[in-house]
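The values are calculated or read from the model by the stated rules, or taken from the named source; none is laboratory data. Treat the numbers as computed from the prediction; the structure is a model and nothing was measured. Ideal geometry is used to build each Cβ from the backbone, glycine not excepted, and the neighbour counts take in all protein chains shown. Just the protein is used for accessible areas: all its heavy atoms, side chains included, with ligands, DNA and RNA removed. Shrake-Rupley method; radii C 1.70, N 1.55, O 1.52, S 1.80 Å.
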Amino acid sequence: MGRAGPVAAGESSGSVVRRILLGSQLRRLRDSRGITREAAGYSIRASESKISRMELGRVSFKARDVEDLLTLYGVTDEAERDALLGLAREANVAGWWHSYGDVLPGWFQTYVGLEGAASLIRVYEVQFVHGLLQTEDYAHAVVARGMGGAPAAEIDRRVALRLERQKALVSERAPRFHAVLDEAALRRPYGDREVMRGQLRHLIEMSEQPNITLQVMPFSFGGHAGESGSFTMLRFPESDLSDIVYLEQLTSALYLDKAEEVAQYEKAMTRLHEDSPGPEESRDLLRGLLQLA
(Lines give C-alpha, C1' and ligand atoms only; values in the text may rest on other atoms or scores of the structure.)
Protein backbone atom coordinates (compact mmCIF):
# COMPACT_ATOMS: atom_id res chain seq x y z
CA MET A 1 0.00 0.00 0.00
CA GLY A 2 1.05 3.64 -0.33
CA ARG A 3 2.72 5.41 2.54
CA ALA A 4 0.21 8.20 3.01
CA GLY A 5 -3.14 8.05 4.75
CA PRO A 6 -6.22 10.01 3.70
CA VAL A 7 -5.16 13.35 5.18
CA ALA A 8 -1.69 13.26 3.66
CA ALA A 9 -3.19 12.17 0.37
CA GLY A 10 -5.52 15.17 0.40
CA GLU A 11 -2.69 17.58 1.16
CA SER A 12 -0.44 16.33 -1.62
CA SER A 13 -3.33 16.20 -4.07
CA GLY A 14 -3.58 19.96 -3.62
CA SER A 15 -0.21 20.35 -5.32
CA VAL A 16 -1.80 19.37 -8.64
CA VAL A 17 -4.50 22.00 -8.20
CA ARG A 18 -1.88 24.63 -7.28
CA ARG A 19 0.10 23.73 -10.40
CA ILE A 20 -2.99 24.29 -12.55
CA LEU A 21 -3.84 27.52 -10.73
CA LEU A 22 -0.31 28.86 -11.20
CA GLY A 23 -0.32 27.85 -14.86
CA SER A 24 -3.60 29.67 -15.46
CA GLN A 25 -2.27 32.78 -13.68
CA LEU A 26 0.84 32.78 -15.86
CA ARG A 27 -1.29 32.36 -18.99
CA ARG A 28 -3.50 35.27 -17.93
CA LEU A 29 -0.46 37.49 -17.30
CA ARG A 30 1.12 36.56 -20.64
CA ASP A 31 -2.10 37.23 -22.53
CA SER A 32 -2.56 40.60 -20.82
CA ARG A 33 0.87 41.70 -22.08
CA GLY A 34 0.32 40.36 -25.59
CA ILE A 35 3.38 38.09 -25.37
CA THR A 36 3.50 34.92 -27.45
CA ARG A 37 4.32 31.52 -25.99
CA GLU A 38 7.36 31.45 -28.25
CA ALA A 39 8.69 34.71 -26.79
CA ALA A 40 7.96 33.54 -23.26
CA GLY A 41 9.80 30.29 -23.93
CA TYR A 42 12.81 32.16 -25.32
CA SER A 43 13.04 34.23 -22.12
CA ILE A 44 13.51 31.10 -20.00
CA ARG A 45 15.56 29.14 -22.52
CA ALA A 46 12.66 26.78 -23.24
CA SER A 47 10.37 25.83 -26.11
CA GLU A 48 6.90 27.11 -26.89
CA SER A 49 5.53 23.66 -25.99
CA LYS A 50 7.18 23.87 -22.55
CA ILE A 51 5.31 27.14 -21.90
CA SER A 52 2.11 25.46 -23.03
CA ARG A 53 2.66 22.54 -20.62
CA MET A 54 3.43 24.97 -17.78
CA GLU A 55 0.27 26.96 -18.42
CA LEU A 56 -1.79 23.76 -18.43
CA GLY A 57 -0.24 22.69 -15.12
CA ARG A 58 1.25 19.55 -16.65
CA VAL A 59 4.85 20.05 -15.43
CA SER A 60 6.63 21.15 -12.27
CA PHE A 61 7.91 24.71 -11.95
CA LYS A 62 11.45 25.97 -11.39
CA ALA A 63 11.53 29.09 -9.21
CA ARG A 64 13.99 30.78 -11.58
CA ASP A 65 11.66 30.21 -14.56
CA VAL A 66 8.69 31.66 -12.70
CA GLU A 67 10.77 34.67 -11.58
CA ASP A 68 11.94 35.34 -15.14
CA LEU A 69 8.43 35.02 -16.55
CA LEU A 70 7.01 37.38 -13.94
CA THR A 71 9.67 39.92 -14.85
CA LEU A 72 8.87 39.51 -18.54
CA TYR A 73 5.17 39.98 -17.80
CA GLY A 74 5.84 43.18 -15.88
CA VAL A 75 4.93 41.88 -12.43
CA THR A 76 7.04 44.08 -10.13
CA ASP A 77 4.91 44.14 -6.97
CA GLU A 78 6.82 42.11 -4.39
CA ALA A 79 3.69 40.82 -2.65
CA GLU A 80 2.26 39.52 -5.94
CA ARG A 81 5.58 37.96 -6.94
CA ASP A 82 5.97 36.30 -3.53
CA ALA A 83 2.45 34.88 -3.67
CA LEU A 84 3.02 33.31 -7.09
CA LEU A 85 6.46 32.00 -6.16
CA GLY A 86 4.95 30.49 -3.01
CA LEU A 87 2.35 28.80 -5.19
CA ALA A 88 5.19 27.40 -7.31
CA ARG A 89 6.89 25.91 -4.24
CA GLU A 90 3.65 24.31 -3.03
CA ALA A 91 2.92 23.00 -6.54
CA ASN A 92 6.14 20.99 -6.54
CA VAL A 93 5.26 18.88 -3.50
CA ALA A 94 5.24 15.23 -4.58
CA GLY A 95 1.92 13.41 -4.16
CA TRP A 96 1.56 10.06 -2.37
CA TRP A 97 0.87 8.41 -5.73
CA HIS A 98 4.41 9.10 -6.93
CA SER A 99 5.48 6.00 -5.00
CA TYR A 100 3.37 4.07 -7.54
CA GLY A 101 5.24 5.57 -10.50
CA ASP A 102 6.31 2.11 -11.63
CA VAL A 103 2.70 1.19 -12.48
CA LEU A 104 1.08 4.60 -12.89
CA PRO A 105 1.10 6.17 -16.39
CA GLY A 106 2.10 9.82 -16.43
CA TRP A 107 -1.24 10.89 -17.92
CA PHE A 108 -3.10 9.21 -15.03
CA GLN A 109 -0.94 10.81 -12.30
CA THR A 110 -2.60 14.14 -13.07
CA TYR A 111 -6.03 12.59 -12.65
CA VAL A 112 -5.22 10.95 -9.32
CA GLY A 113 -4.07 14.30 -7.97
CA LEU A 114 -7.16 16.09 -9.23
CA GLU A 115 -9.47 13.38 -7.90
CA GLY A 116 -7.90 13.67 -4.46
CA ALA A 117 -8.31 17.46 -4.43
CA ALA A 118 -11.92 17.57 -5.69
CA SER A 119 -14.81 18.56 -3.45
CA LEU A 120 -17.38 16.99 -5.81
CA ILE A 121 -16.82 13.97 -8.06
CA ARG A 122 -19.54 12.96 -10.52
CA VAL A 123 -19.16 9.91 -12.75
CA TYR A 124 -21.02 7.90 -15.33
CA GLU A 125 -19.65 4.40 -15.86
CA VAL A 126 -20.75 1.77 -18.34
CA GLN A 127 -17.95 -0.82 -18.62
CA PHE A 128 -17.42 -1.74 -14.96
CA VAL A 129 -17.99 -0.49 -11.44
CA HIS A 130 -16.11 2.77 -10.89
CA GLY A 131 -12.66 2.35 -9.32
CA LEU A 132 -13.60 4.25 -6.15
CA LEU A 133 -16.38 1.74 -5.48
CA GLN A 134 -14.59 -1.50 -6.33
CA THR A 135 -13.88 -4.24 -3.80
CA GLU A 136 -10.35 -5.59 -3.69
CA ASP A 137 -11.37 -8.89 -5.32
CA TYR A 138 -13.34 -7.16 -8.08
CA ALA A 139 -10.50 -4.67 -8.69
CA HIS A 140 -8.06 -7.58 -8.97
CA ALA A 141 -10.29 -9.25 -11.57
CA VAL A 142 -10.63 -5.99 -13.57
CA VAL A 143 -6.89 -5.25 -13.54
CA ALA A 144 -5.95 -8.85 -14.36
CA ARG A 145 -8.36 -8.82 -17.33
CA GLY A 146 -7.05 -5.50 -18.59
CA MET A 147 -3.39 -6.37 -18.04
CA GLY A 148 -3.45 -9.88 -19.50
CA GLY A 149 -0.09 -11.57 -18.98
CA ALA A 150 1.21 -8.96 -16.52
CA PRO A 151 3.26 -10.23 -13.54
CA ALA A 152 1.25 -10.87 -10.40
CA ALA A 153 3.30 -8.27 -8.50
CA GLU A 154 2.36 -5.53 -11.00
CA ILE A 155 -1.33 -6.44 -10.78
CA ASP A 156 -1.14 -6.31 -6.98
CA ARG A 157 0.50 -2.86 -7.13
CA ARG A 158 -2.23 -1.51 -9.40
CA VAL A 159 -4.92 -2.87 -7.10
CA ALA A 160 -3.14 -1.34 -4.09
CA LEU A 161 -3.13 2.04 -5.83
CA ARG A 162 -6.87 1.77 -6.46
CA LEU A 163 -7.55 0.94 -2.81
CA GLU A 164 -5.37 3.85 -1.71
CA ARG A 165 -7.43 6.22 -3.85
CA GLN A 166 -10.60 4.99 -2.12
CA LYS A 167 -9.40 6.29 1.26
CA ALA A 168 -10.38 9.80 0.20
CA LEU A 169 -14.08 8.82 0.30
CA VAL A 170 -13.90 8.11 4.05
CA SER A 171 -11.45 10.84 5.09
CA GLU A 172 -12.35 13.85 7.21
CA ARG A 173 -12.41 15.99 4.05
CA ALA A 174 -14.22 13.44 1.94
CA PRO A 175 -15.67 14.80 -1.31
CA ARG A 176 -19.26 14.37 -2.34
CA PHE A 177 -19.36 11.47 -4.77
CA HIS A 178 -22.27 11.00 -7.17
CA ALA A 179 -22.09 7.95 -9.41
CA VAL A 180 -24.43 6.73 -12.13
CA LEU A 181 -23.65 3.14 -13.05
CA ASP A 182 -25.16 1.67 -16.18
CA GLU A 183 -26.85 -1.67 -15.54
CA ALA A 184 -24.36 -3.15 -18.05
CA ALA A 185 -21.53 -2.41 -15.61
CA LEU A 186 -23.34 -4.41 -12.92
CA ARG A 187 -24.22 -7.40 -15.08
CA ARG A 188 -20.85 -7.81 -16.79
CA PRO A 189 -19.01 -10.42 -14.69
CA TYR A 190 -15.50 -9.83 -13.43
CA GLY A 191 -14.22 -12.68 -11.32
CA ASP A 192 -16.41 -15.54 -10.16
CA ARG A 193 -19.91 -15.50 -8.71
CA GLU A 194 -18.75 -14.70 -5.17
CA VAL A 195 -16.66 -11.78 -6.40
CA MET A 196 -19.71 -10.27 -8.11
CA ARG A 197 -21.94 -10.89 -5.10
CA GLY A 198 -19.37 -9.24 -2.83
CA GLN A 199 -19.18 -6.26 -5.20
CA LEU A 200 -22.95 -5.80 -5.25
CA ARG A 201 -23.12 -5.98 -1.44
CA HIS A 202 -20.34 -3.39 -1.24
CA LEU A 203 -22.23 -1.03 -3.56
CA ILE A 204 -25.34 -1.28 -1.39
CA GLU A 205 -23.28 -0.47 1.72
CA MET A 206 -21.39 2.41 0.09
CA SER A 207 -24.60 3.92 -1.28
CA GLU A 208 -25.74 4.49 2.30
CA GLN A 209 -22.75 6.71 3.16
CA PRO A 210 -23.83 10.35 3.64
CA ASN A 211 -21.39 11.75 1.05
CA ILE A 212 -22.19 9.15 -1.61
CA THR A 213 -25.12 9.14 -4.03
CA LEU A 214 -25.42 6.05 -6.22
CA GLN A 215 -27.90 5.64 -9.07
CA VAL A 216 -28.35 2.81 -11.55
CA MET A 217 -29.37 3.50 -15.14
CA PRO A 218 -31.46 0.42 -15.99
CA PHE A 219 -31.67 -1.30 -19.37
CA SER A 220 -35.41 -0.74 -19.27
CA PHE A 221 -34.98 3.03 -19.71
CA GLY A 222 -33.61 2.54 -23.22
CA GLY A 223 -31.40 5.18 -24.86
CA HIS A 224 -30.14 7.92 -22.54
CA ALA A 225 -27.81 10.92 -22.18
CA GLY A 226 -24.72 8.77 -21.57
CA GLU A 227 -24.53 7.69 -25.20
CA SER A 228 -20.96 8.98 -25.64
CA GLY A 229 -19.61 6.63 -22.95
CA SER A 230 -18.09 6.92 -19.50
CA PHE A 231 -16.92 10.28 -18.15
CA THR A 232 -15.98 11.98 -14.90
CA MET A 233 -16.62 15.56 -13.75
CA LEU A 234 -14.49 17.12 -11.02
CA ARG A 235 -15.26 20.28 -9.03
CA PHE A 236 -12.82 21.97 -6.66
CA PRO A 237 -13.16 24.18 -3.59
CA GLU A 238 -10.95 26.83 -5.24
CA SER A 239 -13.32 29.34 -6.84
CA ASP A 240 -10.90 30.30 -9.62
CA LEU A 241 -10.48 26.73 -10.85
CA SER A 242 -13.09 25.60 -13.37
CA ASP A 243 -14.76 22.20 -13.41
CA ILE A 244 -12.80 19.57 -15.31
CA VAL A 245 -14.19 16.74 -17.44
CA TYR A 246 -11.96 13.66 -17.55
CA LEU A 247 -12.23 11.24 -20.46
CA GLU A 248 -10.04 8.15 -20.24
CA GLN A 249 -8.76 6.51 -23.41
CA LEU A 250 -6.76 3.35 -24.00
CA THR A 251 -3.30 4.95 -23.84
CA SER A 252 -4.02 8.52 -22.74
CA ALA A 253 -6.71 10.82 -21.37
CA LEU A 254 -8.43 14.10 -22.19
CA TYR A 255 -8.92 16.88 -19.63
CA LEU A 256 -11.59 19.37 -20.75
CA ASP A 257 -12.01 22.70 -18.99
CA LYS A 258 -13.41 25.01 -21.69
CA ALA A 259 -16.74 26.38 -20.48
CA GLU A 260 -18.71 25.36 -23.56
CA GLU A 261 -17.41 21.77 -23.45
CA VAL A 262 -17.94 21.39 -19.71
CA ALA A 263 -21.49 22.74 -20.15
CA GLN A 264 -22.34 19.95 -22.59
CA TYR A 265 -21.18 17.29 -20.14
CA GLU A 266 -22.96 19.09 -17.31
CA LYS A 267 -26.16 18.83 -19.31
CA ALA A 268 -25.61 15.12 -19.97
CA MET A 269 -24.83 14.46 -16.31
CA THR A 270 -27.93 16.32 -15.16
CA ARG A 271 -30.08 14.27 -17.56
CA LEU A 272 -28.51 11.04 -16.26
CA HIS A 273 -29.31 12.08 -12.68
CA GLU A 274 -32.88 12.99 -13.60
CA ASP A 275 -33.59 9.94 -15.75
CA SER A 276 -32.04 7.29 -13.48
CA PRO A 277 -34.05 5.90 -10.55
CA GLY A 278 -33.29 7.67 -7.26
CA PRO A 279 -30.84 6.31 -4.66
CA GLU A 280 -33.39 4.19 -2.77
CA GLU A 281 -34.91 2.67 -5.89
CA SER A 282 -31.40 2.08 -7.22
CA ARG A 283 -30.57 0.19 -4.02
CA ASP A 284 -33.61 -1.98 -4.68
CA LEU A 285 -32.24 -2.67 -8.18
CA LEU A 286 -28.91 -3.66 -6.65
CA ARG A 287 -30.65 -5.98 -4.18
CA GLY A 288 -32.53 -7.58 -7.08
CA LEU A 289 -29.28 -8.14 -8.99
CA LEU A 290 -27.72 -9.60 -5.85
CA GLN A 291 -30.51 -12.17 -5.61
CA LEU A 292 -29.90 -13.17 -9.22
CA ALA A 293 -26.09 -13.31 -8.93
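Contour minus end-to-end for His98 and Val170, with contour as 0.36 nm per residue of separation and end-to-end as the Cα-Cα distance?
Going from the current span to full extension adds 23.8 nm.
Might you report the magnitude of the Cβ-based charge dipole of the stretch 30-155 about its Cα centre, with Lys and Arg at +1 and Asp and Glu at -1, to the nearest 20 debye?
320 debye
Put a dot 7 Å past each Cα toward the Cβ at Thr270 and Asn211; how far apart are the dots in nm?
Placing both labels 7 Å beyond Cα along the Cβ direction yields 2.6 nm.
Nothing charged except the Cβ atoms of Lys and Arg (+1) and of Asp and Glu (-1): what's the magnitude of the dipole of the stretch 138-250 about its Cα centre? Round to the nearest 20 debye.
In total the dipole reaches around 320 debye.
Please sort by residue number the trypsin sites (Lys or Arg not before Pro) in the stretch 25-80 whose DSSP state is loop and whose Cβ has at most 11 other Cβ atoms within 10 Å. Intermediate values should be presented prior to the final figure.
Details: sites: Arg27, Arg28, Arg30, Arg33, Arg37, Arg45, Lys50, Arg53, Arg58, Lys62, Arg64; in loops: Arg45, Arg58, Lys62.
Passing both the DSSP loop test and the Cβ count: Arg45.
For the chain, report the accessible area per residue in Å² (1.4 Å probe, heavy atoms, rounded to an integer).
On the way: 14320 Å² over 293 residues.
Computed with neighbouring chains in place, this is 49 Å² per residue.
Helix-only estimate, please: 222 nm mean residue ellipticity of the chain, summing -39500 (n - 2.57) across DSSP H runs of length 4 or more and dividing by its residues, to the nearest 500.
Mean residue ellipticity at 222 nm (helix-derived): -16500 deg cm²/dmol.
Per the 1.4 Å probe, what fraction of the accessible area of the chain, in percent, lies on carbon and sulfur atoms? Let's see the in-between values first.
Values: 7120 of 14320 Å².
With neighbouring chains kept in place, the figure for the chain is 50 percent.
Using a cut-off of 16 Å between alpha-carbon atoms, which aspartates and glutamates can reach Lys258, once sequence neighbours fewer than 8 places away in the same chain are excluded?
Glu55, Asp240, Asp243, Glu266
Among Thr36, Gln134, Gly149, pick out the residue whose Cα is farthest towards the positive end of the charge dipole of the stretch 1-154, where Lys and Arg carry +1 and Asp and Glu carry -1 on C-beta, about the Cα centre.
Toward the positive end, the furthest listed residue is Thr36.
Treating only the Cβ of Lys, Arg, Asp and Glu as charged (+1, +1, -1, -1), what charge dipole size does the chain show about its Cα centre? Round to the nearest 20 debye. Mind showing how you got there, number by number?
Working: 36 positive and 42 negative charges, 117 e Å.
Value, rounded to 20: 560 debye.
Are there trypsin sites (Lys or Arg not before Pro) in the stretch 127-160 that DSSP marks as loop and that have at most 16 other Cβ atoms within 10 Å, and which are they?
Loop-located and lightly packed - none at all.
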